[in-house]
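Working notes, structure below.
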Amino acid sequence: MPETASHQLVNLSDMRVEIKKIIRGYQGEEGILIKIIQDIQSMFDHVPEKAVDILCNEMDLDPVRIYGILTFYGQFRLSPPGKHTMTVCQGTACHVMGSKKISEYVERKLSTSPGSTTSDGLFTLEKVACMGCCGIAPVVVVDHEIRGHQSIGEVDHLMKEIRERERD
Amino acid sequence: MSASVGTRVLICMGTSGLAAGADRVLETFIRELARRNDEKTVQKKIIFKSVGDRGIFRDTLVDVLETGRERIRYDRITPGKVSRIVEEHLLGGIPVADYLAGDIYEKFFRGQSRRVLANCGEIDPESLDEYIENGGYEGLNRILNELCPDEVTEIIKESGIRGRGGAGFPTGLKWAFAAKKDSPEKYIICNADEGDPGAFMDRSVLEGDPFAVLEGMSIAGYATGASQGYVYVRAEYPLAIQRLKKAIETAYDRKYLGPDIMERGFSFDISIREGAGAFVCGEETSLIRSIEGERGMPRPRPPYPANKGLFGKPTVINNVETLANIPIIIRHGSDYFQTVGKERSTGTKVFALAGKVKNTGLVEVPMGTTIREVIFGPGGGMLSPRSGFKAVQMGGPSGGCLPMDCLDTSIDYESITETGAIMGSGGMIVMDESTCMVDIARYFIGFTASESCGKCPPCREGLTKMLHILDSIVEGKGSRSDITELERLALLIKKTALCGLGNTAPNPVLTTLKYFPEEYNIHVTEKRCPAHVCPALIKYRIMKENCSKCGLCRKACPVNAIQWERGNYATIDLKKCIQCRSCIEVCDFSAIE
Ligand SMILES: Cc1cc2nc3c(=O)[nH]c(=O)nc-3n(C[C@H](O)[C@H](O)[C@H](O)COP(=O)(O)O)c2cc1C
Ligand code: FES
């Protein structure tokens, strides 16, 4: 996967070049559309509208087909995420171990809900059904780092830390 | 394991190890040794090995193996503890007694029969050589040299193995259906979607022993005449995907995948497809649509995938654990496989133990073991001495909650189904008295309602309606007729939904209604939640007659809504209170209602 940061690719023709590259990489493979969209998302951190246009053009597809996929699968984002992503696991083990009060607290504290980004663009809350680390429930994932045995206090501390770090 | 001279230090670095900081522990070990780079250190020939998760969640696990000496196991190792292990044990020869894993750890493993998990936490998952040293690829080698495809399917049939992914369909039979079909193209799919939120055996196997899954798929390919395999793995498992990719690359390099494997004329390819966050895609027909690059909508069966699957071609779809069992069966024979288990449920099953239990982790036991033996054996019993066993959830969103009375149920497909739960993928979540069964039922219906693909009305509309009813019950607005309606809807959806998601989604409600009817009644008639879970039914009031003036609740409150001074009763400022229940959870005296 080409490792290009999203901000470097605002240029439309660059975007076209990158997307063509992705498509070419899978030439000859069947049923590859979702994989292509996944690659686009990991390149731009979300699936930009323009990328969908380009994809439709290049692969001769109807946009409805792509948006059908984008809205069906929970993984895809249509807008760029905030600077940090935060997920309180909503799986069964985490639920039984009290994750709900943590997620409610985080939502209240950040005044946002899963799938949305705080108005200052600092945090995006995401939803996950289980991280597969159920033995250390409740689990919170911050910027892809898994943290086990979390409490409101710990998560609060973490959010403060991130805010302070960002202020400096 | 090869008997190499010197000292081997195994560090568990699966997702759970890494979450506990195992990478920092390994770094510290290496740094500490480098710092003492003297004659004595070099002579010891110390090798560090990162292995997968062993299955017990006790932070970072470190094992020390020295030739001719007893294996030493440490748990909960932090970077701060490393220098003593290096100094006293690795160089000094005397294990650090303070850090030894101890009895709980030993007990966790003693009660198990580890077959599928045998390599997890023991070998370097990225090393094909270590896999081979431990019997890996003996199975594939044997069939390519000695057996025709039908004989392989026959062995799998004889073993009696049934699918570990949920439905328990006989694997050999499934293979035979696909083998019989005359088609130039056939596919093997490994279902690694692990959708049950609370199960993690597939993740651990993929991270800890990925070659076993690849070998299992290759054997299935040979037996059925397929030459292409796909692993459909959920995107939430980045480490599993990484290890799998690495393993596939290595297998290709070393000619265990690709054209003319082991020069026996058999060709097999494997690609990875990442899931994109949809529970329904664990269901086989949806999964197939998803690999085809479409929305993961299920379709009615028949035709079954074995007849008409991926791209319309005969397809065998098996779960990770099922496939990881295959090399064992071929290597040791179907009789060996049946030495444990029951007549119609042979072999072992891995359970993912989590929730309010002392030891959480993966437990592999013979089929036929009782639920009690798992929870109170390896599981070590309840987490808190203050709160007794209330229920165990088995089978995830398609399963059910079983009470104390069901603890002696034997774990086999038929007995579990009889209780109203299902074996499922093996999730086992233990609940104590602080869990509200109505809340749990609501939780699951909330999950399945939001994961319903929307294709069939019973599931789409029916589950939403059930959710509304459960919402009103937990909010204190329910009535007795709601309970009747809930049950009616549950039975209706079970009968009429299109796919397994909808057919089984009502199970959590039906089992809680069956085993915990009183709890529903109290919610609707007394508007009370006996477990103090449903926020709307809690008053957040300190009951002076029970309060011991200990002040624990004040410490637990994240928003300083509790006033307390030494020698006085606590009081709650309801204006500040965010109803998070932290105080209720810490109170040892049930003094908050
Ligand atoms: C809603 C739903 C979700 C499922 N999720 C999974 C899953 O995550 N993993 C899995 O192996 N099987 C899952 N299954 C079962 C599969 O449809 C299929 O039966 C299984 O992969 C077959 O493999 P096996 O015979 O080896 O168990 C699910 C079924 C349903 C109805
Ligand atoms: S339930 Fe949260 S990690 Fe599995």
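Each value in this text was obtained by applying a stated rule to the coordinates, not by laboratory testing. Because the structure is a prediction, the values reported are computed rather than measured. When we count neighbours, we look across all protein chains shown, and the Cβ atoms used for this are built from the backbone with ideal geometry, even at glycine.
Ignoring aspartates and glutamates fewer than eight residues from B:LYS49 along the same chain, the ones with Cα atoms less than 15 angstrom from its Cα are B:ASP23, B:GLU27, B:ASP63, B:GLU66, B:GLU122, B:ASP124, B:GLU126, B:ASP129, B:GLU130, B:GLU207, B:ASP209. Residues whose amide H falls under 5 Å from that of A:HIS84, counting only those 5 or more places apart or on a different chain, are A:PHE123, A:THR124, with hydrogens built in the peptide plane. Magnitude of the charge dipole for the protein assembly as shown, about its Cα centre and with charges confined to Cβ atoms of Lys, Arg (+1) and Asp, Glu (-1), is about 1560 debye. Think of it as helices only: each DSSP H run of n ≥ 4 in chain B is worth -39500 (n - 2.57), and spread over all residues that comes to -10500 deg cm²/dmol at 222 nm.
B:SER50 sits among other residues whose Cβ lies under 13 Å from its own Cβ, and their net charge, with Lys and Arg +1 and Asp and Glu -1, is -3.
From other protein chains only, count the Cβ atoms within 10 Å of every residue's Cβ in B:193-200, then give the mean. Write down the numbers at each step before the final one.
Values: counts 0, 2, 2, 5, 13, 11, 6, 8.
Across B:193-200, the average partner-chain Cβ count within 10 Å equals 6.
3J(HN,Hα) along the range B:185-194: 10, 9, 10, 10, 10, 9, 7, 10, 7, 5 Hz, from the Karplus curve 6.51 cos²θ - 1.76 cosθ + 1.60 with θ = phi - 60°, whole Hz, x for Gly and Pro.
Shown in residue order for the range B:525-540 are the 3J(HN,Hα) couplings computed by the Karplus curve 6.51 cos²θ - 1.76 cosθ + 1.60 at θ = phi - 60°: 8, 8, 6, 10, 10, x, 8, 6, 10, 5, x, 5, 9, 10, 8, 6 Hz (x for Gly and Pro). A Förster distance of 56 Å, applied to the separation of the beta-carbon atoms of B:SER481 and B:VAL5, puts the FRET efficiency at 0.15.
Per residue, the average separation of C-alpha pairs within less than 8 Å and at least 6 apart gives the range B:7-102 a relative contact order of 36 percent. Charge tally around A:LEU125: other residues with Cβ under 11 Å, Lys/Arg +1 each, Asp/Glu -1 each, net 0. Close amide-amide hydrogen proximity is noted between B:TYR230 and B:ILE188, B:ILE189, B:CYS190, B:SER271, each under 5 Å apart and 5 or more residues distant or on a separate chain (H modeled in the peptide plane; Pro and chain starts excluded). When +1 charges are put on Lys and Arg Cβ atoms and -1 charges on Asp and Glu Cβ atoms, the dipole computed for the range A:84-167 relative to its Cα centre reaches about 180 debye.
When the charge dipole of the protein assembly as shown is built from unit charges on Cβ atoms (+1 for Lys and Arg, -1 for Asp and Glu) and taken about the Cα centre, the candidate among B:THR360, A:ALA51, B:VAL233 whose Cα reaches farthest toward its positive end is B:THR360.
Partner shielding of B:357-370 amounts to 1, given as the average count of beta-carbon atoms from other chains within 10 Å of each residue beta-carbon. When the range B:133-201 is described by a simple charge dipole with +1 on each Lys and Arg Cβ and -1 on each Asp and Glu Cβ, the residue from B:TYR187, B:ASN145, B:PHE200 located farthest towards its positive end is B:TYR187. With each label modelled as a point 7 angstrom along the Cα→C-beta vector, the B:ASP129-A:LEU78 pair spans 5.3 nm.
Per-residue Karplus couplings for the range A:161-168, computed as 6.51 cos²θ - 1.76 cosθ + 1.60 with θ equal to phi - 60°, are listed in order as 4, 5, 4, 5, 4, 6, 5, 5 Hz, Gly and Pro entered as x.
Run the paramagnetic zone check for A:ASP14: 7 angstrom along Cα to Cβ, then residues of the range A:74-93 with backbone nitrogen under 18 Å. What the label zone holds, given the 18 Å backbone N cut-off, is A:80-81. Could you list the residues of the range B:113-154 with an amide nitrogen less than 14 Å from a label point located 7 Å from the Cα of B:ASP335 in the Cα-to-C-beta direction? No residue qualifies, since no backbone N sits under 14 Å from the label point. With 18 Å as the limit on Cα-Cα distance, the pairs of B:LYS174/B:LYS246; A:LYS83/A:LYS127; B:LYS539/B:LYS575; A:LYS83/A:LYS160; B:LYS180/B:LYS342; B:LYS356/B:LYS494 that go past it are B:LYS174/B:LYS246; B:LYS180/B:LYS342; B:LYS356/B:LYS494.
With the biggest extent put first, the Cα atoms of the range B:44-175 measure 58, 32, 23 Å across the principal axes. Within 10 Å of the Cβ of each residue in B:16-22, the mean number of Cβ atoms contributed by other protein chains is 4.
I'd like the FRET efficiency for B:PHE48 and B:SER472, computed as 1/(1 + (r/R0)^6) with the beta carbon distance as r and R0 of 60 Å, rounded to 0.05. If you can, show how the numbers build up before the last one.
Numbers: r = 57 Å, r/R0 = 0.95.
Step by step, r from the Cβ atoms, then E = 0.60.
Estimated purely from DSSP H runs of n ≥ 4, each contributing -39500 (n - 2.57), the mean residue ellipticity at 222 nm for chain A is -14500 deg cm²/dmol once divided by its residues.
If a/c stays under 1.5 just call it rounded; otherwise compare a/b with b/c (prolate if a/b is bigger, oblate if not). Do that for the protein assembly as shown, with a ≥ b ≥ c from the square roots of the Cα gyration tensor eigenvalues.
Values: a/c = 1.34, a/b = 1.18, b/c = 1.14.
Taking the square roots of the gyration eigenvalues as a ≥ b ≥ c, the protein assembly as shown is rounded.
Computed over the Cα atoms of the range B:539-593, pair by distinct pair, the Kirkwood hydrodynamic radius stands at 10.8 angstrom. The relative contact order of chain B comes to 11 percent, based on Cα pairs under 8 Å that sit 6 or more residues apart.
Starting from the Cα gyration tensor of chain B, take the square roots of the eigenvalues, sort them a ≥ b ≥ c, and report rounded, prolate or oblate (rounded when a/c is under 1.5, otherwise prolate if a/b is larger than b/c, else oblate).
Numbers: a/c = 2.19, a/b = 1.18, b/c = 1.86.
Cα axes put chain B in the oblate bin.
In terms of its C-alpha gyration tensor, the range B:128-337 comes out rounded, because the ratio a/c of the largest to the smallest axis stays below 1.5. Loop-located trypsin sites (Lys or Arg not before Pro) in the range B:424-507 (DSSP state not H, G, I, E or B) with no more than 15 neighbouring Cβ atoms inside 10 Å: B:LYS477.
For the range B:7-102, list log₁₀ I(q)/I(0) at each q in 0.12, 0.15, 0.20 Å⁻¹, using the Debye formula over Cα point scatterers of equal strength and ignoring solvent, two decimals each. Ignoring solvent entirely, the Cα scatterers give -0.33, -0.52, -0.93. For B:LYS544, the aspartates and glutamates whose Cα comes closer than 15 Å to its Cα, not counting residues fewer than 8 places off in the same chain, are B:GLU565, B:ASP588, B:GLU593. The modelled label-to-label distance between A:GLU29 and B:ASN546, using points 7 Å beyond Cα along the C-beta direction, is 5.7 nm. Taking only C-alpha pairs under 8 Å that are 6+ residues apart, what is the relative contact order of the range B:437-526 in percent? It rounds to 37 percent for the range B:437-526. Database remark: amide H of B:GLY275 closer than 5 angstrom to the amide H of B:VAL233, B:ARG234, B:ALA235 (H placed geometrically; neighbours at sequence offset of 5 or more, or on other chains; Pro and chain starts carry no H). The label-point distance for B:GLU593 and B:GLU418, in a model that sets each label 7 Å from Cα toward Cβ, rounds to 4.2 nm.
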